[in-house]
Structures are given as C-alpha cells and as structure tokens.
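Scroll down for the structure; my scribbles are underneath it.
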Amino acid sequence: MLGGTFDPVHLGHLRSAVELREVLGLDRVHMIPAHLPPHRAAPGVSSRERLAMLCLGIGETPGLLADDRELRRDGPSYSVDTLASLRAELGAQARLIMAVGHDAFLRLAEWRDPEGLFAQAHVVVIERPDHGAPLPSRLQSLLAGREVASVEALLAEPRGRLLRLSLPTRLAISATGIRRRLAEGRSVHYLLPEAVRAHIDSRGLYRGDDAAPGGETR
Ligand code: ATP
C-alpha cells in the first residue's frame, strides 16, 4: 500500500511505486488516495478528482493499482482501517507492506493506533531527498525492536517490521511544489505524467485560490 493525498499524483510517487515493486518483489502496489486525510488540511481538489488523476497517471503501468477503498468509507481516512481491509482480503499469512516517505514517517507515532499499523503490516520508509530529519522520541519507542536491515529479513514475516529503503531513483518532486507552480502560472512539465498535466490544464485545477501554500521542495 502506498497511501497519500495525491494532490496531484506526480513522478516521485509513481517512480517510487514502480521501484518498490521491483526491489521488494511485490505482486502489486495499491496506490490509495485519502478521502479525508486526518493529519493535514483538506486538499484543494476533491477525492474523486484526485483519484481520476491517479488513474490517468498509472495508466497501464504493470503492477500499479489505483485503489478507491478510502473513498468508499465515510469519515477520516485512517491507514489502520485501510490496512485491516487489505488484510481481510489477503488473509493472515500474506506479506502486507505499508510504504511511506520519510516526511510522513516522522509523524507515524501520531497516527491513529500506530501499534495497530504494525499488527497489520510491515512499514517500509522511502528515503526522500531534502527529508532527513532525526526521529522524534515517541517514534523511536514505537519502533523499538522492529527494524530489520534487509529485504529478505522483512519478507521472512507477514507483518510487524520496519525497513528503511533507499530506492535507486530519488526525485525531489512534491505536490506542494507542483501546486505552487500552477498557482503562479509556471510550467509543471516533466514533474508529473503528461496525461495528468493535460487534465489539470483542461480542468483549470490549482489555479489561484484553491492552491495550498507551501515550501518549494515539499
Ligand atoms: P504534499 O507536498 O502535498 O505534502 P507529497 O508530494 O508529499 O504531497 P503525498 O500525496 O502527501 O505527496 O505523498 C504520498 C506518499 O508518497 C507519502 O508517503 C510521501 O512521503 C511519498 N512521497 C511523496 N513524494 C515523494 C517523492 N518525490 N519520492 C518518494 N516518496 C514520495
């Protein structure tokens, strides 16, 4: 599972998903847009629109799946509930992995039922350029005894472990940077799939008022 706001999906998400699948030997990567992200301001565009862009971005990419399960639930989109629903589908013995970027990982201890995340799945942290902050102490306690050093050690069990992964391609692309460029009328070519860029253009998304502020590289 690679969850996110995908506001909008970009090449950092998609390339990471492809490389996660290759490096970990996954059957598939469920890319799951949050309907109502609990830990951040409401996205500028609707979850339906974000899902539509995700579908366009994925296109026919083998092994990547736009999964709308969080849009089919009411209330905040808690990852622990999403993992429970994947676990129910896949069975107790399947190896289930929740992948998060390092920036999202830093706040993991604040998520709903962080222990429950590990009861359902492994957590794989994708190192991101410009996101190297040290771990808060609450997070360190949550992780105690869970970290493994290799993919093999991770895959030896169905859940409960943590692996930090440096993927081959690290792209310093963020949705915040894309929204900011669009709001300023600047080019976003080659930061996201062309079909997504054309969709944003034709629908006039993220122009002016609905674009959230934020740092250049986030
Ligand atoms: P925003 O700038 O709006 O916060 P974002 O670009 O970080 O958005 P999200 O939808 O919040 O995108 O990210 C979903 C997941 O993908 C998170 O775990 C995030 O850390 C990860 N991610 C986002 N961009 C990248 C990237 N360039 N490389 C690797 N992982 C990424």
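Read the figures in this text as sums done on the coordinates, not as results from a lab. It should be emphasised that the depicted structure is a prediction, and the values quoted were computed from it without experimental measurement. A quick note on method: Cβ atoms are made from the backbone with ideal geometry, for glycine too, and the neighbour counts reach across all protein chains shown.
The table that follows gives values for the structure above.
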read-out: Value at 222 nm in deg cm²/dmol, rounded to 500, when DSSP H runs of n ≥ 4 in the chain each add -39,500 (n - 2.57); value: -10500 deg cm²/dmol
read-out: DSSP-defined beta bridges in the chain - what % are antiparallel, rounded to 5; value: 5
read-out: Net length gained if the chain between ARG15 and ASP201 were fully extended (0.36 nm per residue, minus Cα distance); value: 64.7 nm
read-out: Candidates HIS30, HIS199, HIS13: whichever shows maximal mean-square fluctuation once the chain is modelled as a Gaussian network with Cα springs under 10 Å; value: HIS199
read-out: 3J(HN,Hα) from dihedral phi, the stretch 16-30, Karplus parametrisation 6.51/-1.76/1.60, rounded to Hz, x for glycine, proline; value: 4, 4, 5, 6, 4, 4, 5, 5, 9, x, 7, 5, 7, 10, 7
read-out: ³J(HN,Hα) computed for each position of the stretch 118-129 - Karplus, 6.51 cos²θ - 1.76 cosθ + 1.60, integer Hz, glycine/proline x; value: 6, 6, 9, 8, 7, 10, 10, 9, 8, 5, 10, x
read-out: Distance histogram in 5 Å bins (all Cα pairs of the chain, percent per bin); value: 1, 7, 15, 19, 21, 18, 11, 5, 2, 0
read-out: Highest average packing first - 169-175, 201-207, Cβ atoms within 10 Å; value: 169-175, 201-207
read-out: Förster-model FRET efficiency, 25 Å R0, LEU26 and ALA133, C-beta, rounded to 0.05; value: 0.35
read-out: Long-range amide H partners of GLU147 with built H, under 5 Å; value: LEU162
read-out: Amide H contacts under 5 Å for LEU96, placed H, 5+ residues apart; value: HIS122
read-out: Beta bridges per DSSP with both ends in the stretch 36-162, % antiparallel, nearest 5; value: 10
read-out: Which of ILE126, ILE32 has the fewest Cβ neighbours within 10 Å, and the rest in rising order; value: ILE126, ILE32
read-out: Relative contact order computed over the chain (Cα-Cα under 8 Å; 6+ residues apart), in percent; value: 24
